[in-house]
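The values are calculated or read from the model by the stated rules, or taken from the named source; none is laboratory data. None of the values given here were measured: they were computed from a predicted structure. Quick reminder, even Gly has a Cβ in these numbers, built from the backbone with ideal geometry, and neighbours come from all protein chains shown.
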Amino acid sequence: MISEEEFMLKARQEWQLLREMESQSEDFYTFEKEFEHRWMDFGQQAMQGLVGTERKDRREKKTSDTI
């Protein structure tokens, strides 16, 4: 599980990369496409950090702790 400090550190790093990318982009369309790609990747990493690793097969049975 990811801590709040780790999440904020990654968010700050991603923000810096986005700012650099903005200044280096040729046009807004290119920046927007790259922004969307990076933001989706960041969101996926954050979700995996909160929930855990993703399963290989989404149909895999989940075990439950029964009494």
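Note on the range 31-60: residues that are in contact with a helix residue (DSSP H, G or I) (Cβ under 9 Å, 6 or more places away or on another chain) and of a type in the set (S, T, N, Q) total 1.
Scanning the range 16-25 for residues that are assigned to a helix (DSSP H, G or I) and surrounded by 11 or more Cβ atoms within 10 Å (Cβ to Cβ) yields Leu17, Leu18, Met21, Glu22. Among all residues of the range 41-59, there is at least one that is modelled with pLDDT of 75 or more and among the acidic types (Asp, Glu).
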